[in-house]
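Here you go, one structure.
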Amino acid sequence: MNFHDSRKHPDTDSRFSELTLLYQFSNTMLSTIRINKLTHLILTAITSPSSNLFERAVLFLRNEKSDVLQGMLGVTRQFSEGLQIIGGNDILGSRWDISDETISRQRSAEFCLQVRLTRIEIDGECPLINQIVSEHCICHSDDTLCHECPACTFIKLLCGGSFAAAPLVAREKTIGMIVVDNPDSGREISSENMHFLQLFANQAGMAIENTMLYNRIEDAHLNLREAKERLLHGERLAAIGEMAANLAHELKNPLITIGGFAGRLLKLLPAEAREHQYADTIVSEVSRLEKMLAEILAFSRKPTICFTVCNLEEIIQDCLTNCATTFEDNNISIMFSSEPPPYHVSGDAHQLKQVFINLILNSCDAMPEGGKLSITSRRSLPGSKFIITTVEDTGGGIPKNMLSQIFNPFFTTKHHGTGLGLAIANRIILNHMGSIDAENNEQGAVFTITLPLAEHTD
Ligand SMILES: Nc1ncnc2c1ncn2[C@@H]1O[C@H](COP(=O)(O)OP(=O)(O)OP(=O)(O)O)[C@@H](O)[C@H]1O
Ligand SMILES: [Mg+2]
């Protein structure tokens, strides 16, 4: 359908162009689901040179929580050239579009920045805001401005001369307003223009509400999907853990038998016999497997914590003493510093020791050719209730793509590893109300453990 032939009179001409805008708007509404784009399209359409309606338009949206009208977008004719009409020959089917470049030019314009800093309180004082918000009426500045209240002064400051403001109404609630004016020509806003603005704002209100609802549904959908993935991940880990625990339990008894008999053979066989060597290998491999199974069983059991006040410095010193031969064998130098005074945490000393041993052994594994292990303990900030301990090595660090996985049970890159060391450490620290994080520096991995100080510590 083409309306062009019916244009005879200037009045008919302007009606025709208004009707075209309204048609195009409703088509645009059906194809635009992004609120940001839609608001740019709305303001660009009524300020574009082709529509020749208004020279400037401002959009305010209502913030329900703080009950203010927040300036969202301002478009001047200078920046409204970029409106594209898709399917331009068919008025009933044509719609608007706008490029990302025009959107960003409009956003960074000085006027728009000023609009975005504007907040108008809905406090029942201002006659203009009352008429818009409570009575859902369009108003003209000449009729309604009190010139005194902050809201009127605000809009006046923004618009300068006379302007018109129309409410955006959706489901009988005012969700915002559009303010228009003609600052360049100083042209008055005619009653025909006011009438059109009212019709346009009615459509815009519904369109904005729809896109907001759509965006909210999309956000909720995204959150739901993330929650579902987290749940599935947790369930999968729990199922793997249970299976591993059952398997470990079943393997334990036959392994004890194998180890026992291999040990007896070892004693019976002469030391120089080849069979003695074989039995020796069986015994040491069985003991490695037993250790692994014990770790798996410990991980799958619900841990009980025996809380006492413990000295963190002593715990770390103990761990370093226990690992002294490993450091010597691997040519690893140690640096340990703990800021005075001695820090006390409320926890299970045995389990905390397990955490530091796991971290230290991992660092040793990462430095087979030797290197440096540095451990420091300090308060996060003077007077803070938390103590931060970092364990740093020079072993080259953890590949970036693995950083998010290393705390998962059974994640390992080692031939003989179970992948439980960090999972256990993480669980222990979480049970102590603390946190553990891993990152890399230039030389190696850095593990940071944050623990709350015991109550009586200053
Ligand atoms: N200091 C470190 N430097 C480099 N990589 C590390 C370091 N600490 C941990 N990793 C990586 O994280 C993985 C998981 O460590 P985790 O301690 O959980 O298991 P594991 O050491 O492989 O086995 P185990 O159960 O015997 O401790 C390691 O296999 C290793 O790839
Ligand atoms: Mg380990």
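The values are calculated or read from the model by the stated rules, or taken from the named source; none is laboratory data. From a predicted model like this one, the values you see are computed outputs, not experimental measurements. FYI the Cβ positions are ideal-geometry reconstructions off the backbone, even for glycines, and counts take in every protein chain you see.
Conditions tested, residue by residue: (1) of a type outside the set (G, A, S); (2) in the same structural domain as Q354 (by TED's automatic domain parsing); (3) touching a strand residue (DSSP E or B) at 6+ places or on another chain (Cβ under 6 Å); (4) closer than 20 Å to G421 by Cα.
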residue: A244; (1), (2), (3), (4): no, no, no, yes
residue: L247; (1), (2), (3), (4): yes, no, no, yes
residue: R264; (1), (2), (3), (4): yes, no, no, no
residue: A271; (1), (2), (3), (4): no, no, no, no
residue: H276; (1), (2), (3), (4): yes, no, no, no
residue: A279; (1), (2), (3), (4): no, no, no, no
residue: S284; (1), (2), (3), (4): no, no, no, no
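Since D11 meets every condition but one in (1) under 15 Å from F200 (Cα atoms); (2) at pLDDT below 85; (3) more than 30 Å from the chain's Cα centre (by Cα), which condition does it not meet?
Single failed check for D11: (1).
Separate question: Determine whether Q131 is at pLDDT below 90, among the polar types (S, T, N, Q), assigned to a helix (DSSP H, G or I) and touching a strand residue (DSSP E or B) at 6+ places or on another chain (Cβ under 6 Å). Let's see the steps before the verdict.
Working: at pLDDT below 90: yes; among the polar types (S, T, N, Q): yes; assigned to a helix (DSSP H, G or I): yes; touching a strand residue (DSSP E or B) at 6+ places or on another chain (Cβ under 6 Å): yes.
So Q131 passes the test.
Out of the residues in the stretch 389-414 that are modelled with pLDDT of 95 or more and away from ligand 1 (no atom under 11 Å from the Cβ), state the one that is nearest to G444 (Cα to Cα).
Checked the stretch 389-414; the qualifying residue nearest to G444 (Cα to Cα) is T390.
Show the residue pairs that are 6+ apart or on different chains and have beta-carbon atoms under 8 Å apart, the first residue being within the stretch 183-210 and more than 23 Å from L157 (Cα to Cα), the second being assigned to a helix (DSSP H, G or I) and small (G, A, S).
Close Cβ pairs satisfying both conditions: E192/S14; Q203/S26.
Which members of the stretch 130-163 meet the condition of being small (G, A, S) and within 40 Å of the chain's Cα centre (by Cα)?
Answer for the stretch 130-163, where residues must be small (G, A, S) and within 40 Å of the chain's Cα centre (by Cα): S134, A151.
Residue pairs, Cβ under 6 Å, 6 or more apart or interchain, first in the stretch 388-412 and in the same structural domain as I296 (by TED's automatic domain parsing) and within 22 Å of L451 (Cβ to Cβ), second outside any loop (DSSP other than H, G, I, E, B) and away from ligand 2 (no atom under 13 Å from the Cβ). List them.
none
Follow-up question, since we're still on this one. Quick check on my filter: what residues within the stretch 135-149 are touching a helix residue (DSSP H, G or I) at 6+ places or on another chain (Cβ under 7 Å) and over 22 Å from K173 (Cα atoms)? Lay out the reasoning, then the answer.
First, the residues of the stretch 135-149 that are touching a helix residue (DSSP H, G or I) at 6+ places or on another chain (Cβ under 7 Å): 137-140, 144-146.
Within the stretch 135-149, L145, C146 meet the criteria.
Within the stretch 402-448, work out how many residues are part of a loop (DSSP other than H, G, I, E, B), of a type in the set (S, T, N, Q) and within 14 Å of ligand 2 (Cβ to nearest atom). If you could, list the steps in order and put the result at the bottom.
Initial filter on the stretch 402-448 (part of a loop (DSSP other than H, G, I, E, B)): 403-420, 432-434, 441-444.
Retained after the next criterion (residues that are of a type in the set (S, T, N, Q)): 404-405, 408, 412-413, 418, 441, 443.
Restricting the remaining residues to those that are within 14 Å of ligand 2 (Cβ to nearest atom) gives 405, 408, 412-413, 418.
Looking only at that region, the number is 5.
Now for a different question. Restricting the search to the stretch 306-346, which residues are more than 15 Å from T376 (Cα to Cα) and of a type in the set (A, V, I, L, M)?
Passing the criteria: V309, A324, I332, V345.
Looking at the stretch 207-226, which of its residues are surrounded by fewer than 16 Cβ atoms within 10 Å (Cβ to Cβ) and of a type outside the set (D, E)? Lay out the reasoning, then the answer.
The first filter runs over the stretch 207-226 and keeps only residues surrounded by fewer than 16 Cβ atoms within 10 Å (Cβ to Cβ), leaving 212-226.
Within the stretch 207-226, M212, L213, Y214, N215, R216, I217, A220, H221, L222, N223, L224, R225 meet the criteria.
Which pairs do you get when a residue that is at negative phi, found in the stretch 358-384, comes within reach of a residue that is within 16 Å of ligand 2 (Cβ to nearest atom) and aromatic (F, W, Y), reach meaning Cβ atoms under 6 angstrom, with the pair 6+ apart or on two chains?
L359/F447
Now, a different point. Is at least one residue of the stretch 80-102 closer than 24 Å to L157 by Cβ, at pLDDT below 90 and in contact with a helix residue (DSSP H, G or I) (Cβ under 8 Å, 6 or more places away or on another chain)? Let's see the steps before the verdict.
Within the stretch 80-102, the subset closer than 24 Å to L157 by Cβ is 80.
Then keep just the ones that are at pLDDT below 90; that gives 80.
After this cut, where a residue has to be in contact with a helix residue (DSSP H, G or I) (Cβ under 8 Å, 6 or more places away or on another chain) as well, the list is 80.
The answer is yes, given that some residue of the stretch 80-102 is closer than 24 Å to L157 by Cβ, at pLDDT below 90 and in contact with a helix residue (DSSP H, G or I) (Cβ under 8 Å, 6 or more places away or on another chain).
Checking the condition within 25 Å of F79 (Cβ to Cβ), assigned to a helix (DSSP H, G or I) and out of contact with any strand residue (DSSP E or B) (no Cβ under 9 Å at 6 or more places or on another chain), which residue from L157, L113 passes?
L157
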